[in-house]
Amino acid sequence: MFEIGNSLREARLRQHLEFPEMEQATKIRAKYLRALEDEQFDVLPAQTYVKGFLRSYAEYLGLDGQLYVDEYNSRFVVGEEEAPPRPRRSAPPPSRGAQVQSRVVLLTLLGIAAVTAIVIVAWTWGEPQKKEPVGLGTTPAQTPAVVQPPVAAKTVRLIVTALRGNCWLEVHSGSATGRIIFQGTLERGQRHVFTGRKLWITLDRPENLRTILNGHTRVLPGGGVKTLIVTSRGVRPGV
C-alpha cells in the first residue's frame, strides 16, 4: 500500500513539471490532475474517469499506470452493483386482421390443392376414346375438281419494214380507240416492231411494207388507206 497522491506529486516535482505543461501534454484539465495528487477523487466526474486519468497521468510521469489503478481499486472501490436485468418484451399477439388474412390464404391453398387432385384423378382414370377404324361407316373424301386456268391469248409480234417506199402508220392497242403505240411515217429502209394481243392498224400504201407476223411473212392488200386488225391468227380488214 502506498500514497497515490504523494507518489504522483513527488514524481512530477522531480521532473520539474508544472500543471499547465501537464495539462497540455496529457489533455487532462489541471484541476483534475491536482485532485489526483490530493486524492480528492470525488472531484472527478466518475470512477471510470478516475481510473483513466490516473493511468494516463502515472504513465506520463514514467510510473506503472496499472499499479496505481489497482491501488485505487483496493482502497476506494467497494464493489460495483450489477445492473438489474431488463425484462424481455414478449412479442405482441397478432392482430385480428392478420389472423383473418392467414386463414383466407390457407383456405385458398387448400382449394387449389383439391382442384389439382381432382384433375389428376380424372385424367388418370378416364377411359380413352376409341378411334373408329378407317373405312367403317365413314364417307370417302371426294376429290376436288381441278379447275383449269384460262388459256392466255397469244401475243402478237409484228415486224414491218418499209421495203419499197415510205408508208404512213397509226397503230392502236386492242381497238380503234385504244392506246396509240405508234403514229408517223416509216421511211424507206426503216423497220419497226409492234407487240400486243391485238393491234388495230391504219396505214397508207401498205404495198410498200414487208410484214412478218410471229415469224411468218404476210402480204398486205394494197391500194390507198387501209385499216387492218392483227391478231395471232392472222390479218383481217377492219370495220
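The values are calculated or read from the model by the stated rules, or taken from the named source; none is laboratory data. All values reported here derive from a predicted model rather than from experimental measurement. All Cβ positions, even for glycine, are placed from backbone atoms using ideal geometry, and neighbour counts span all protein chains on display.
For the reader, a short list of remarks on this structure follows.
- Selected residue [on the phi < 0 side of the Ramachandran plot and at pLDDT 85 or above] from Glu127, Glu71, Glu81: Glu71
- Residue satisfying condition, being under 13 Å from Ala162 (Cα atoms) and surrounded by fewer than 15 Cβ atoms within 10 Å (Cβ to Cβ), within set Arg188, Arg210: Arg188
- Out of Ile28, Ile4, sole residue that is under 15 Å from Val77 (Cα atoms), of a type in the set (Val, Ile, Thr) and more than 60 Å from the chain's Cα centre (by Cα): Ile4
- Answer from Leu63, Leu17, Leu33, Leu13 - the residue that is farther than 16 Å from Val77 by Cβ and exposed (fewer than 13 other Cβ atoms within 10 Å of the Cβ): Leu13
- Check on Ala122, modelled with pLDDT of 75 or more and not aromatic (Phe, Trp, Tyr): yes
- Sub-7 Å Cβ pairs linking a first residue in region 27-48 that is closer than 13 Å to Arg9 by Cβ to a second residue that is among the aromatic types (Phe, Trp, Tyr) and not in a helix (DSSP H, G or I), at least 6 apart or interchain, number zero.
- Scope region 36-46; condition assigned to a helix (DSSP H, G or I) and surrounded by fewer than 15 Cβ atoms within 10 Å (Cβ to Cβ); matching residues: Asp42, Val43
- Taken over region 216-238, the criterion of being crowded, with 16+ Cβ neighbours inside 10 Å, in a strand (DSSP E or B) and among the hydrophobic types (A, V, I, L, M, F, W, C) is satisfied by Leu228, Ile229, Val230, Val235.
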